[in-house]
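Taking it in order: structure first as structure tokens, then the write-up.
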Amino acid sequence: MVSPNFLIKASGLTKKFGDFTAVDSINFEVYEGECVGFLGPNGAGKTTTVRMLYCFSPLTAGNLTVAGFDVTTQARQVKGIVGVSPQEDNLDPDFTVIKNLQVYARYFDITKNEANMRASKLLKFFNLEDKRDAPINELSGGMKRRLIIARALINEPKILLLDEPTTGLDPQGRHIVWDKIRILRKQGVTIILTTHYMDEATALCDRVLIMENGKIIEKGTPQALIRKHVGQAVLEVEYDEPVVSTLKVELPDSEIEVLGEQVRVFLKQPHGVFERVAKKFPSKTLTIRSANLEDVFLKLTGRKLE
Amino acid sequence: MTSQQNETTSRFKLPQLTYRVWKVWRRNFDVFLKTWRVNFLPSLLEPILYLAAFGFGLGVLVTGAVEGGSYIQFIGSGLVAIAVMYGAFFECTYASFVRMYFQKTFDAIIATPVSVEEVIAGELLWGATRATINASIVLVVVAAFGLVSSLWALLVPVLAFLGGLLFAALAMCFTAIAPDIDFFNFPTFLFITPMFLLSGTFFPLSLVPVPLQTIAFGALPLTHIVSLTRKLVSGRTETLMGLSPDLILGLNVLWIVVVTLVFFVLAIILMKKRLIK
């Protein structure tokens, strides 16, 4: 890329709660139009980072700018161009679906007519038109999630923050949300999302940052990270001692990991390996599959995923 | 950059408030309009019940004139003042707590250009508004019973807003430290109920010894609102602690203004400390 424009720049970004360091001097940039995923086990510091991005949590140290505005001194400007979809449902249960959007628009100084126009458009986009006048407690989990994202878009934000956008949704609900996020990406909205679903990150993100214990331990495109840390394919065999020692001899260049009752071999070059190993252990169940982001994640974060 | 220093210094800065405060107020007003019939009913029925029980019932036994008027007239102005206290206090304890804790409404608003200070200020102004609405309804009831004898009563809504702001700010300080919603039983029974009975509402404070008068005057916010309401509604003022009526009224206003300002700022500081992590 030729000197791309970054929208977000964090340097030495730190957040402490008493003695506990939730975010430990991290640096990152987010470029215009990108979809960046923050991955990490629970408590890694993803949500805290997002909260600093929308000026909810004050920084303990470091610098953080959003579209050139400093989150500490120019919070109003930052909050005006950011859309936030928080992890927990904070829709206003005192209002109907449409009124939730209209009241939220007011906080951004959006005129009534403009707000009505945008709200109708958003309800259509998120397939919520039928629920326009329904009270919030009549919505399903998936509908609530869509409405929260719709609400986050009411100010036509430059940056959309999605904190675990599909946690707790059923598969249909997840895929609808994914579809909508993909369309928004195409429209050029810069998106930051946190997730602990690796398939979600692979499906949606141009780039991922893996966090652990408040630090960014790796970053890159999902494909590059998979190639770098795992290779092309993963061979899975039922665990026992002789299997491991034979594999070590047969595949000296490959990394072998024991995960519970399973042996995993990360293969840079999978051609013919399956057949060779299958001959050695005719009675064992073997599986070979493409390497994925979850392999990378488990390898890097030491399987501390809760 | 030394953000930590910024954080500490900002705690002692006066809150920076803009017109956005009214957007928070407006949110609560919109909810109120949706359910106004239910909201009006208690304010309307309660004073009627009190006037019936204490005025027509108990009042018959009270033969001597109370501060130059009938007993029912005396408690009429007390009930208006009580409506101010209840309206603001319950709005900014139970109702604000529900919005903050269960509905996460404040968190949602803070993600927009509205600041946390403005959210709390908006809540306080709304609490004062509820006090004004409630007191105005009770005033109408009291007037319907023929117990208003001064045109100054038209200023009751103004007093109710100021007094409402006082109770809203006090209430919000409790909300800021409340671990759960049951906690409000403490301020309700240790603070609000004693005031309901002992602030010159149902009997003149001039009947109690001067030291108790002084305590009531110094420590019970409702005393000041009752005193001013009674002046507006019936033109009467108690003589307390040997002070002249005019001086009493002046001190009432001063007390309300000073304490309101202090607790308004304190409520915002405490709530900011609770909400921002």
Over chain A, what relative contact order in percent results from Cα pairs under 8 Å that are six or more residues apart? 20
Within a 10 angstrom radius of the beta carbon, how do A:Phe266, B:Phe32 rank from fewest other beta carbons to most? B:Phe32, A:Phe266
Determine the shielding of peptide A:90-96 by partner chains: average, over its residues, the number of Cβ atoms on other chains within 10 angstrom of each Cβ. 6
Across the residues of B:22-33, average count of Cβ atoms on other protein chains within 10 Å? 3
Compute, for segment A:6-226, the length of the dipole vector about the Cα centre, with Cβ point charges of +1 (Lys, Arg) and -1 (Asp, Glu) only. Units Debye, rounded to 20. 480
Separation in nanometres of the label points that stand 7 Å from Cα toward Cβ, at B:Val60 and A:Asn5: 8.3
Could you point to the residue in B:Phe54, B:Ala168, B:Val253 farthest towards the positive end of segment B:19-275's charge dipole, with +1 and -1 charges on the Cβ of Lys/Arg and Asp/Glu respectively? B:Ala168
How would B:Met241, A:Met117, A:Met198 line up from fewest to most surrounding beta-carbon atoms within 10 angstrom? A:Met117, B:Met241, A:Met198
Take each uninterrupted DSSP H stretch in chain B, measure its Cα extent along the helix axis, and return the ones at 15 Å or beyond whose mean Kyte-Doolittle hydropathy is at least -1.0. B:21-34, B:36-50, B:71-90, B:116-144, B:156-177, B:221-234, B:245-275
Between A:Glu212 and residues 5 or more places away or on another chain, the pairs with built amide H atoms under 5 Å apart involve A:Ile217
If the limit is 27 Å between Cα atoms, which of A:Lys248/A:Lys284; A:Lys121/B:Lys277; A:Lys79/A:Lys144 go over it? A:Lys121/B:Lys277
Less than 18 Å apart at the alpha-carbon level, and either on another chain or at least 8 residues along: which aspartates and glutamates does that give for A:Lys131? A:Asp89, A:Asp92, A:Asp94
Check: segment A:231-290 dipole with +1 on Lys, Arg Cβ and -1 on Asp, Glu Cβ, in debye: 240
In whole Å, what are the Cα extents of the protein assembly as shown along the three principal axes, biggest one first? 111, 51, 49
Rounded, prolate or oblate for segment A:231-290? Axes are the square roots of the Cα gyration tensor eigenvalues, ordered a ≥ b ≥ c, and the cut-off for rounded is a/c under 1.5. rounded
Determine, for each peptide in A:164-174, B:74-84, B:35-45, the mean count of other beta carbons within 10 angstrom over its residues, then list the peptides with the highest first. B:74-84, A:164-174, B:35-45
Tilt relative to chain A, helix A:97-107 - C-alpha long axis, 0 to 90 degrees, to 10: 70
Please give me the summed charge of the neighbours of A:Thr96: other residues whose Cβ is under 9 Å from its Cβ, Lys and Arg +1, Asp and Glu -1. +2
With respect to the cross-link table entries A:Lys124/A:Lys180; A:Lys279/A:Lys299; B:Lys34/B:Lys104, which display a Cα-Cα separation exceeding 18 Å? A:Lys279/A:Lys299; B:Lys34/B:Lys104
The answer for A:Ser25, listing residues at least 5 apart or on another chain whose modeled amide H is closer than 5 Å to its amide H, is A:Thr14, A:Lys15
What pairs in A:Lys46/A:Lys158; A:Lys46/A:Lys112; A:Lys219/A:Lys268 have C-alpha atoms more than 30 Å from each other? A:Lys46/A:Lys112
Karplus ³J(HN,Hα) for segment A:124-133 (6.51 cos²θ - 1.76 cosθ + 1.60, θ = phi - 60°; Hz, whole; x = Gly/Pro) runs 5, 4, 9, 6, 10, 4, 5, 9, 2, 9
Can you pull the one-decimal nm distance between simple spin-label points at A:Asp24 and B:Ile48, each 7 Å off the Cα toward Cβ? 6.8
Farthest positive-ward along the protein assembly as shown dipole, Cα basis, beta-carbon charges - from B:Ser96, B:Ala135, B:Ser150: B:Ser150
Test of understanding: ordering B:Ile276, B:Ile133 by Cβ neighbours within 10 Å, fewest first, what list do you get? B:Ile276, B:Ile133
Amide H partners (placed H, <5 Å) of A:Val84, local residues excluded: A:Leu161
For segment A:230-244, in order, what is each residue's ³J(HN,Hα) by Karplus, 6.51 cos²θ - 1.76 cosθ + 1.60 with θ = phi - 60°, in whole Hz (x at glycine and Pro)? 10, x, 9, 9, 10, 9, 10, 10, 4, 7, 7, 4, x, 4, 4
Considering only A:Gly231, A:Phe281, A:Gln269, whose Cα is most displaced toward the positive end of the charge dipole of segment A:231-290, charges sitting on Cβ of Lys, Arg (+1) and Asp, Glu (-1)? A:Gln269
Derived scalar couplings ³J(HN,Hα) [segment B:103-112; Karplus, 6.51 cos²θ - 1.76 cosθ + 1.60; whole Hz; x for Gly, Pro]: 8, 6, 4, 5, 4, 5, 6, 5, 6, 9
Hey, got the dipole for segment B:19-275? About the Cα centre, +1 on K and R Cβ, -1 on D and E Cβ, debye to the nearest 20? 540
Set the Förster distance to 45 Å, then compute FRET efficiency between B:Leu207 and B:Leu17 from the Cβ-Cβ distance, nearest 0.05. 0.55
Using only alpha carbon pairs under 8 Å that are at least six residues apart, calculate the relative contact order of segment A:231-290 and give it in whole percent. 51
Gained length - B:Ser244 relative to B:Leu261, 0.36 nm times residue gap less alpha-carbon distance: 3.5 nm
Other chains' Cβ within 10 Å of A:105-111 residues: what's the mean? 5
From the Cα centre of segment A:167-225 to that of segment A:33-81, the distance in Å is 17
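Laboratory data are not the source of any read-out in this text; all were calculated from the coordinates shown. Treat the numbers as computed from the prediction; the structure is a model and nothing was measured. A quick note on method: Cβ atoms are made from the backbone with ideal geometry, for glycine too, and the neighbour counts reach across all protein chains shown.
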